[in-house]
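Presented below is the structure to which this report refers.
The values are calculated or read from the model by the stated rules, or taken from the named source; none is laboratory data. Given the structure is predicted, the values throughout are model-derived calculations rather than measurements. Counting neighbours? That spans all protein chains shown, and the Cβs are built from the backbone with ideal geometry, glycine included.
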Amino acid sequence: MNETRVRFAPSPTGNLHMGNVRVAIFNWLFARHNKGKYLVRIEDTDLQRSTKEFLESQLNSLKWLDLLSDEPIIYQSSRLAEHKKIIQKLIGEKLAYPCFCDPIDFETKRAELLQLNSKKEVFICQCRDKDYKTLDLQKPHAIRFKIPDSVKEVKFDDAIRGEIKIERNQLDDFVIMRRDGIPTYNFVVVVDDIFMRITNVIRGEDHISNTPKQILIYNALNVQSPVFAHLPLILGPNGTRLSKRDAAVNVDEYRKQGFLADAFFNYLVRLGWSHGDQEIFTKKEMIKYFNLDDVGKKGSIFDIKKLEWLNGVYIRQSSFEELFAAVNDLNEDYKQKLTEDWNIAQLQKLFEQYKQRATKLLDMVQDIISLAQKPKVLDLDLISKWLSEKTFKLLQDFVINIEKLEKINHEKLIEVAKSICKKYDQKLVAIAQPLRLAITGKIVSPGIFELICILNKKDAIERIRLLIEKLKSI
Ligand code: GLU
């Protein structure tokens with residue numbers, strides 16, 4: 001049996017889109033499941049739109065998700081001479097021909113014919129059977145692929161959708177090299193897939209209409225076509241293709257916001273593929289269970305809430321070391337900021353506390369960084385629900401009591417708080433929420449008594465005193 005070889009072939013004309021990366025993930029899993037190779041090819045022949053910055057950003061996204069190529073990356077632009085050589089071969093075999101038509105004229109004539117016969121007849125370029133002279137080739141011309149007369153239809157078995165058939169009248173002699181001498185996508189993709197010995201082409205369904213053209217080129221080059229599989233698209237909430245209006249589509253955004261690579265990977269795998277009801281998979285499990293039979297034919301709706309939930313689950317499952325390493329994936333140098341303000345023992349405790357309700361690493365890290373400073377504002381409106389004339393007394397007693405303690409710990413703090421609340425006939429929340437405001441500036445945070453223990457006692461008391469002062473002034 002031949003080795004399974006698949007490829008992910010992004011064009012560096014933008015940042016990596018969520019849909020692209022899901023294609024990469026499915027290819028990677030398919031290769032790993034079949035003990036084959038997963039390759040990356042950069043389709044950078046569109047010189048105007050491809051940039052170094054986009055390339056770098058795409059490779060960074062792939063690296064983040066551990067989706068880099070098993071073999072050296074192939075850059076399509078480096079194979080231009082080879083592409084041209086094969087075009088000449090096709091011309092020599094009369095399987096391609098130069099077309100001197102003005103592109104605009106050509107399209108107008110074709111559109112007219114289409115209107116007249118509503119696609120019953122194929123538009124034949126007048127250059128198709130012309131006897132051109134070598135001299136003519138000085139004039140601007142494109143090269144068209146000559147669809148053999150014997151072709152009545154093109155059929156292929158899509159590994160996800162079953163048989164797909166395209167009638168001959170849906171296809172005309174398409175351009176394989178533009179007037180500017182650059183071979184077109186449909187041609188180079190085939191030449192490079194042959195060169196890379198690709199056995200399975202797994203890509204988005206937006207490429208279905210390209211596949212018949214590519215199969216015709218495989219036939220012309222006398223090479224067996226790979227097996228094709230077209231993945232359904234990722235949809236927005238209204239059921240149409242996911243767009244920037246629905247959610248961030250750039251994969252890099254998710255990294256910057258603090259989605260963990262494995263959580264993001266897991267989410268995208270489940271977007272279109274299932275294995276029973278299982279939601280959370282280790283990579284090992286995904287590799288074991290992945291197959292294209294379980295990829296749905298319908299598009300799947302992107303759900304940011306589910307992604308956040310899954311990310312939260314991964315955050316809670318991660319050790320301090322894993323999370324601390326993932327801080328490097330965030331954009332700024334948050335690691336430095338964290339270690340400037342906290343020692344490692346404190347950070348370990350803080351991560352443990354904050355990860356319990358976190359959905360994104362960035363929020364969690366920013367909260368921990370801001371906890372190192374006294375709150376800039378103490379907004380009493382936030383605690384209006386719990387404010388009473390007793391609040392001042394509760395806080396004051398709390399400070400007096402903990403000042404007396406030689407060492408603070410969680411149990412002791414709770415004990416102190418409870419006994420003060422009892423004294424003033426209050427519920428624990430009546431002291432906990434003002435304390436939370438004093439320490440964090442917020443009314444939502446991890447357990448406040450745990451946080452006080454992590455801060456040093458002096459700092460905690462200073463913060464509580466600031467709130468006491470503020471209460472005095474009202
Ligand atoms: N460069 C193409 C894209 O980004 C690749 C298509 C293919 O996989 O054949 O959509």
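The set of residues in the range 16-36 that are under 18 Å from LEU59 (Cβ atoms) and not small (Gly, Ala, Ser) comprises LEU16, HIS17, MET18, ASN20, VAL21, ARG22, VAL23, ILE25, ASN27, TRP28.
Contact map, the range 196-209: first residue in contact (Cβ under 8 Å) with a residue 40 or more places away in the chain and closer than 16 Å to PHE26 by Cβ, second residue away from the ligand (no atom under 11 Å from the Cβ) and among the charged types (D, E, K, R), Cβ cut-off under 6 Å, separation 6 or more or different chains; pairs are ILE198/ARG5; THR199/ARG5. The residue that is farthest from ARG5 (Cα to Cα), counting only those in the range 206-221 that are of a type in the set (Ser, Thr, Tyr) and more than 10 Å from the ligand (Cβ to nearest atom), is SER209. In the range 177-200, of all residues being under 30 Å from LEU116 (Cα atoms) and more than 15 Å from the ligand (Cβ to nearest atom), the one that is surrounded by the fewest Cβ atoms within 10 Å (Cβ to Cβ) corresponds to ARG178.
Residues in the range 275-293 that are part of a loop (DSSP other than H, G, I, E, B) and either touching a helix residue (DSSP H, G or I) at 6+ places or on another chain (Cβ under 7 Å) or on the phi > 0 side of the Ramachandran plot (or both) were compared, and the one that is surrounded by the fewest Cβ atoms within 10 Å (Cβ to Cβ) is GLY276.
A search for C-beta distances below 6 Å between a residue of the range 136-148 that is over 19 Å from GLU167 (Cβ atoms) and any residue that is of a type in the set (Phe, Trp, Tyr) and in a loop (DSSP other than H, G, I, E, B), counting only pairs 6+ apart in sequence or on different chains, returns LYS139/PHE100; HIS141/PHE100.
Taking the criterion of being among the polar types (S, T, N, Q), farther than 30 Å from ILE147 by Cβ and assigned to a strand (DSSP E or B), would at least one residue in the range 248-263 satisfy it? Outline the logic, then answer.
First, the residues of the range 248-263 that are among the polar types (S, T, N, Q): 250, 257.
Going one step further and asking which of them are farther than 30 Å from ILE147 by Cβ, we end up with 250, 257.
Right, trim to assigned to a strand (DSSP E or B) and you get 250.
Yes, some residue in the range 248-263 is among the polar types (S, T, N, Q), farther than 30 Å from ILE147 by Cβ and assigned to a strand (DSSP E or B).
Looking across the range 222-240, the residues that are within 16 Å of the ligand (Cβ to nearest atom) and in contact (Cβ under 8 Å) with a residue 60 or more places away in the chain come down to SER225, VAL227, PHE228, ALA229, HIS230, LEU231, PRO232, LEU233, ILE234. Out of curiosity, is LYS427 exposed (fewer than 13 other Cβ atoms within 10 Å of the Cβ), basic (Lys, Arg) and outside any loop (DSSP other than H, G, I, E, B)? The answer is no for LYS427.
Residues of the range 138-154 include at least one that is out of contact with any Phe, Trp or Tyr (no Cβ under 6 Å at 6 or more places or on another chain), under 30 Å from THR4 (Cβ atoms) and either acidic (Asp, Glu) or buried (at least 17 other Cβ atoms within 10 Å of the Cβ) (or both).
Taking the criterion of being surrounded by fewer than 13 Cβ atoms within 10 Å (Cβ to Cβ) and touching a residue at least 24 places away in the same chain (Cβ under 8 Å), the only residue of the range 294-315 that qualifies is LYS298. Are any of the residues in the range 444-459 of a type in the set (A, V, I, L, M) and not in a helix (DSSP H, G or I)? The answer is yes; a qualifying residue exists.
With the structure loaded, tell me whether LEU413 is assigned to a helix (DSSP H, G or I) and without any contact (Cβ under 8 Å) to a residue 60 or more places away in the chain or whether it fails that test. Before you say what the answer is, go through the steps one by one.
Numbers: assigned to a helix (DSSP H, G or I): yes; without any contact (Cβ under 8 Å) to a residue 60 or more places away in the chain: yes.
Here the answer is yes, as LEU413 does meet what is asked.
Quick check on the range 267-274. Is at least one of its residues farther than 28 Å from ASN331 by Cβ and surrounded by fewer than 22 Cβ atoms within 10 Å (Cβ to Cβ)? Taking every residue of the range 267-274 in turn, at least one turns out to be farther than 28 Å from ASN331 by Cβ and surrounded by fewer than 22 Cβ atoms within 10 Å (Cβ to Cβ). Assess whether ILE194 counts as being out of contact with any helix residue (DSSP H, G or I) (no Cβ under 8 Å at 6 or more places or on another chain) and over 14 Å from LEU307 (Cα atoms). When the stated conditions are applied, ILE194 does not pass them.
Counting only strands (runs of 3 or more DSSP E) that fall entirely inside the range 98-199 and contain at least 1 residues that are charged (D, E, K, R) and modelled with pLDDT under 95, the qualifying elements are 162-167. Within the range 1-20, the set of residues being more than 10 Å from the ligand (Cβ to nearest atom), more than 21 Å from PRO72 (Cβ to Cβ) and in contact with a helix residue (DSSP H, G or I) (Cβ under 8 Å, 6 or more places away or on another chain) comprises ASN15, MET18. Output the residues belonging to the range 333-353 that are of a type in the set (D, E, K, R) and surrounded by 13 or more Cβ atoms within 10 Å (Cβ to Cβ). Within the range 333-353, LYS335, LYS337, ASP341, LYS349, GLU352 meet the criteria. Against the numbered list (1) more than 16 Å from the ligand (Cβ to nearest atom); (2) touching a strand residue (DSSP E or B) at 6+ places or on another chain (Cβ under 8 Å); (3) of a type outside the set (Asp, Glu), ARG203 comes up short only at (1). Scanning the range 375-386 for residues that are under 14 Å from LYS470 (Cα atoms) and surrounded by fewer than 18 Cβ atoms within 10 Å (Cβ to Cβ) yields PRO375, LYS376, VAL377, ASP379, LEU380, ASP381, SER384.
Set side by side, the residues LYS37, LYS85, LYS89 differ, and just one is among the basic types (Lys, Arg), away from the ligand (no atom under 12 Å from the Cβ) and either within 20 Å of VAL269 (Cα to Cα) or touching a residue at least 24 places away in the same chain (Cβ under 8 Å) (or both), which is LYS37.
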